[in-house]
Amino acid sequence: MLKLEPLLLSADEAAATSSYLRSLQERSSSLLVAAQSLFARCCLAAGPGSPGMLGELGAEADALGQRILHAPQPDQLGLDPVLLIEIYRLLKDGGIEPAAIGALLERVGAELLTQDERIQAMGRVRYIASQLTCLGFSARAAKPTKEMALLMRSPENWFSATAADLAELADHLVADRRRLERDASQILALIALAELRNYRVDLSCSLLRAVFQLGEPSAEAADALSFIALQRRRDGRYGFSNQFVESSAGADEHLELFLPLTVNAVWLFHVEATYRSPLQPLNA
Amino acid sequence: MQSTELISQLFSTCFAESLRLLEGFEAAPTSASLFDVGAVAEMVVLGEAIPGSELLQQAICDAAARWLRSGILEDLCMLRMEVLSHAALLAYLARRATDYSAADIAVIKRLCTGRLLGRSEMPVLTQQLTAAYFARCGIDSDFGDMGSRDLARIIDKRILRARSDEYDVMAVLLCAQLLQLEGHLICSRPTRYPRALLVQAIRTDNSNWVPVLAYACAHSFSLDEPLRGAALKYLLRNLPQPGELLPPPAGAGIDSEYIVQAGRGLRIRSTLALAFALCTLGDTYVEARASVAIG
């Protein structure tokens with residue numbers, strides 16, 4: 001297994017990434033970019049060696065919540081409620097309660113309760129409902145469909161599951177908060193590694209978050225974490241672009257490639273640090 | 001001794017052409033233009049003591065520093081290992097730029113610390129395997145101590161690279177052959193890279209790779225349930241038509257000319273591996289043969 005110590009984030013590196021994320025937000029008017037940037041900076045601020053940063057982010061979160069609340073059609077913004085939930089949770093854990101985000105989450109919870117059974121059984125919806133319930137909002141997590149319940153009980157079938165099914169599976173696993181058996185944990189980490197080699201970072205990080213949160217430490221999971229850590233660049237962003245492929249006209253590489261990858265990286269580091277067993281260092 | 005005028009004219013022409021080359025690469029980096037820049041840089045570094053090429057040297061050093069600082073060199077290093085020596089040379093030359101800072105090289109240093117760059121396992125494997133085979137032919141090809149190497153570390157580090165081409169499978173097969181010949185001398189076997197590659201092949205529906213990797217894992221590395229079951233299920237779902245071979249590997253077009261030309265061999269190889277894998281992964285064939293023999 002790789003030695004990870006040199007690859008973990010130092011306080012200076014966290015500050016550089018935070019600064020990079022803020023610069024992206026400042027050059028874009030998109031609420032989605034603002035939410036992604038803020039969430040990732042909350043993850044960084046919640047880590048050790050970043051005292052006092054959460055206070056500033058609380059004010060920013062409130063301002064973002066107000067912008068969303070006053071948008072003409074807030075439910076048409078394409079925002080992932082998970083980002084807002086995680087921002088709220090991270091700030092609340094740091095003793096700050098962003099009222100506007102709280103008001104948004106009240107709305108999300110109420111909206112979920114009106115959805116039909118089929119929608120409520122979806123992984124993302126169950127994950128959102130489960131997180132909202134934990135934070136004290138009124139929501140109800142429905143049961144997964146029979147097909148998904150069967151897939152969840154059959155790790156041997158995960159190897160050939162589609163990317164969409166795996167993403168759904170990860171949401172269900174985190175929603176249920178049940179410990180992952182050793183085999184299941186290793187299979188998810190191995191699939192995450194294989195998907196990282198395809199540079200499907202989004203899916204891989206979903207699987208790895210489930211592994212670090214619910215599973216057991218493994219060499220495969222540590223390798224996957226190293227893979228992500230090695231994507232770090234000098235200015236604090238994460239990701240490598242293919243210089244030999246022409247990017248499509250008008251595409252902003254920072255918003256389309258580096259921002260999602262950076263958000264996934266710092267979210268993963270945060271989850272890993274939160275759930276790491278003090279008795280089992282990563283390079284054991 | 002040639003005239004100063006002639007030499008100055010040659011330097012001047014090379015300088016003007018090199019500036020165009022550097023600008024062209026900067027505007028649109030391609031593997032061909034990187035090779036061109038690398039070719040010039042190689043000669044520049046060898047002739048650095050000769051007076052007259054200072055302007056050209058400085059132009060390349062300054063350009064290399066810009067590319068290092070902007071991250072282009074890192075991107076190239078991550079993209080293909082074959083550009084690494086040119087990228088390393090340019091990083092070296094960047095140190096001579098007037099505005100070079102130690103922070104410029106931090107990411108490449110990190111990639112080396114993480115063992116992602118700096119050591120290519122293919123020459124090591126090729127050298128060891130060649131020596132092992134030749135030794136059995138009574139030929140001593142070991143002209144120099146190869147030292148003892150941890151095969152698991154050499155191979156498993158490939159897992160950190162986002163790529164997928166025939167060299168991935170080649171590394172696994174070289175290693176498997178080495179284990180077969182000299183397994184008793186090797187203390188640790190790679191496990192994660194061959195299995196991750198098998199999972200990648202299953203998930204990308206690469207029916208050429210799956211049998212090769214499944215058999216190699218079972219034969220030489222490790223293949224525990226449930227991956228064994230998943231691989232077997234995949235193989236049985238992707239059997240070739242009677243009389244047909246398995247298809248060629250997906251994406252072989254990006255590999256070297258040597259590999260691309262071997263398309264038919266790769267199909268036969270995989271079909272053979274399919275037969276081997278079906279013999280060993282499931283127990284029905286072996287049991288059936290055994291009962292016939294007993295009967």
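Rule-based calculations on the coordinates, nothing more; no lab input. Computed from a prediction, not measured in an experiment: that's the story for all the values here. Using ideal geometry, Cβ is built from the backbone for each residue, glycine included, and neighbour counts are taken over all protein chains shown.
Under 18 Å from the Cα of A:Lys92, which aspartates and glutamates turn up, not counting those fewer than eight places away in the same chain?
Result set, ordered by chain and number: A:Glu56, A:Glu60, A:Asp62, A:Glu106.
With chain A treated as a Gaussian network of Cα nodes joined by springs under 10 Å, which of A:Ser18, A:Ser218, A:Ser29 yields the largest mean-square fluctuation?
A:Ser29
Report the charge-dipole magnitude of region A:46-163 in Debye, nearest 20, computed about the Cα centre from +1 at each Lys and Arg Cβ and -1 at each Asp and Glu Cβ. Could the numbers behind the result be given before it?
Numbers: 11 positive and 14 negative charges, 87 e Å.
Its charge dipole is roughly 420 debye.
Among the aspartates and glutamates, which have Cα under 14 Å from the Cα of A:Lys146 when same-chain residues fewer than 8 positions away are ignored?
A:Glu117, A:Asp165, A:Glu168
Taking a ≥ b ≥ c as the square roots of the eigenvalues of the Cα gyration tensor of chain A, is the shape rounded (a/c under 1.5), prolate (a/b larger than b/c) or oblate?
On the way: a/c = 1.38, a/b = 1.03, b/c = 1.33.
Since a/c stays below 1.5, the shape of chain A is classed as rounded.
Decide, for the protein assembly as shown, between rounded, prolate and oblate: order the square roots of the alpha carbon gyration tensor eigenvalues as a ≥ b ≥ c, take rounded if a/c falls under 1.5, and otherwise choose prolate if a/b is larger than b/c, else oblate. The partial results should precede the final answer.
Working: a/c = 2.10, a/b = 1.11, b/c = 1.90.
In terms of gyration-tensor shape, oblate.
Which residue fluctuates most in the GNM of chain A (Cα springs below 10 Å): A:Ala71, A:Ala34, A:Ala222?
Answer for the Gaussian network model of chain A: A:Ala71.
Need the C-alpha centroid separation for region A:89-142 versus region B:4-34, integer Å.
61 Å
How much mean residue ellipticity at 222 nm does chain A get from its helices, if each DSSP H run of length 4 or more adds -39500 (n - 2.57) and you divide by all residues, to the nearest 500 deg cm²/dmol? Walk me through the intermediate numbers first.
On the way: 13 runs with 171 residues, N = 284.
Value at 222 nm, helices only: -19000 deg cm²/dmol.
Towards the positive end of the charge dipole of region B:4-113, with charges on Cβ (+1 Lys, Arg; -1 Asp, Glu), say which of B:Cys112, B:Leu10, B:Val45 has the farthest Cα.
B:Cys112
Hand me the chymotrypsin sites (Phe, Trp or Tyr not before Pro) from region B:107-186 located in a DSSP loop with no more than 12 other Cβ atoms within 10 Å, in residue order please. Working shown, then result.
Working: sites: B:Tyr133, B:Phe134, B:Phe143, B:Tyr167; in loops: B:Phe143.
Answer in residue order: B:Phe143.
Using unit Cβ charges (K, R positive; D, E negative) and no other charged atoms, how large, in debye to the nearest 20, is the dipole of chain B about its Cα centre?
I would put it at about 1160 debye.
Using only alpha carbon pairs under 8 Å that are at least six residues apart, calculate the relative contact order of region A:15-154 and give it in whole percent. Don't jump to the answer; show the numbers that get you there.
Numbers: 143 pairs, mean separation 26.4, N = 140.
Relative CO of region A:15-154 lands at 19 percent.
Running a GNM on chain A with Cα contacts under 10 Å, which residue among A:His70, A:His254, A:His270 ends up with the highest mean-square fluctuation?
A:His70
Please name which of A:Ala251, A:Ala167, A:Leu24 has its Cα lying farthest along the dipole of the protein assembly as shown towards the positive end, using unit charges on Cβ (Lys, Arg +1; Asp, Glu -1) and the Cα centre as origin.
The residue sitting farthest along the positive end of the dipole is A:Ala167.
Straight distance only, please: which lysines reach the Cα of B:Lys109 with their own Cα at less than 21 Å, same-chain residues fewer than 8 apart left out?
Reachable lysines: A:Lys3, B:Lys157.
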